[in-house]
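The values are calculated or read from the model by the stated rules, or taken from the named source; none is laboratory data. This structure is a prediction, so every number in the text was calculated from the model and none was measured. Quick reminder, even Gly has a Cβ in these numbers, built from the backbone with ideal geometry, and neighbours come from all protein chains shown.
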């Protein structure tokens, strides 16, 4: 493998770690939203509404954390929830006008910083970066699906064995 592959892997891991550090060092002050809460709001920015599960995936949060955070966002009047008409078990979430306004304010504040951080790169460089990151995401999604399938197969194989281990011996 070339050094570039290794360097890219290290850079990617360092980037993921930096994002985790940012989220981990976040201090929540009364009246202010956390980055995780903003992630939920931004997850809704381009969608009319999402299920709680879809929103959790979009914001890279657990479903439990998402549900807990949504309570505060509903109380603050930033999002609204409703039960799906098709499946009453599904909760759909959408931004309120105030929530949308807050997202746009945050975007307006962050966009110049983001653009400045990437200003030395050309449009072509950025398109290449997008392609690389999309490929990396796909790689990890495939690994995740493969692990899930392996775990499901192990559970299926293990069930008969588990029953056999607890069965009473034949008196025969």
Could you tell me which residue of the range 1-31 is modelled with the highest pLDDT, considering only residues that are surrounded by 10 or more Cβ atoms within 10 Å (Cβ to Cβ) and within 22 Å of residue 104 (Cα to Cα)?
19
Going by the structure shown, is residue 42 over 20 Å from residue 22 (Cβ atoms) and either surrounded by 13 or more Cβ atoms within 10 Å (Cβ to Cβ) or modelled with pLDDT of 95 or more (or both)?
no
The conditions are (1) over 29 Å from residue 140 (Cβ atoms); (2) out of contact with any helix residue (DSSP H, G or I) (no Cβ under 9 Å at 6 or more places or on another chain); (3) surrounded by 11 or more Cβ atoms within 10 Å (Cβ to Cβ), and residue 77 fails exactly one of them. Which is it?
(2)
Go through (1) surrounded by 10 or more Cβ atoms within 10 Å (Cβ to Cβ); (2) at pLDDT below 90; (3) in contact with a strand residue (DSSP E or B) (Cβ under 9 Å, 6 or more places away or on another chain) and name the single condition residue 89 misses.
(1)
Return the pair list, or none, for Cβ contacts closer than 8 Å from residues in the range 132-159 that are under 19 Å from residue 5 (Cβ atoms) to residues that are at pLDDT 80 or above and assigned to a helix (DSSP H, G or I), at least 6 apart or on different chains.
132/8; 136/12
Residues being part of a strand (DSSP E or B) and within 18 Å of residue 45 (Cβ to Cβ): count how many of those fall in the range 82-102.
4
